[in-house]
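The values are calculated or read from the model by the stated rules, or taken from the named source; none is laboratory data. It should be emphasised that the depicted structure is a prediction, and the values quoted were computed from it without experimental measurement. Neighbour counts are summed over all protein chains in view; Cβ atoms, including those assigned to glycine, are modelled from backbone coordinates with ideal geometry.
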Amino acid sequence: MTDTELAIKMNTLVVIKPLGLLVSFIFLTTLIWTDSLSYGDEGRDLRRSSSEGSVTVEAVYLNPLLNESDAILQIELKINTHSENLEDYNPQDHAYLQIGNGMLHRAIGWAEQKRDTHHIEGVLQFAGPVPPISKHLELFIHDLGGVNKRTFKWLLTYLGK
């Protein structure tokens, strides 16, 4: 190997090695960040979302965040669209909660925080408590944006219940 070839190889290593470390760092950081913001059932994340049809819904199970008892179960909803008129949509009339494999419970309250024709934000309230043997909560939102039923599920075993 000539001196020129050796110099080129050394310069290439000097550039490639730090670049490889940077790519590895970005990959690991992305992996950790994505996992902590997971919208699935795994982990302790309390946020779930649905983008079916023409409406996006984000649901957050608030009780673990508030460190309150589960006598009243609270789920924050953010409903967004750019093509539907949400003015007459009442989330309380279309929301049901199933605790474990038990009965469906209608929402007992809706504390609205924001509303216009394309956005609704507020907190649904359901009668609790969650029985100790329950393994999950499922929120069902009906008849929104051309979708008959949306399902949001929280595994309670991941939430320390």
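Things to note:
- Filtered by the rule that a residue be in contact (Cβ under 8 Å) with a residue 60 or more places away in the chain and in a strand (DSSP E or B), region 78-87 gives I79, T81.
- Test: L77 is in the same structural domain as S51 (by TED's automatic domain parsing), surrounded by 15 or more Cβ atoms within 10 Å (Cβ to Cβ) and touching a His at 6+ places or on another chain (Cβ under 6 Å): no
- Qualifying residue in region 84-102 (condition: under 28 Å from L155 (Cα atoms), modelled with pLDDT of 70 or more, touching a Lys or Arg at 6+ places or on another chain (Cβ under 7 Å) and assigned by TED's automatic domain parsing to the domain that holds H136): yes
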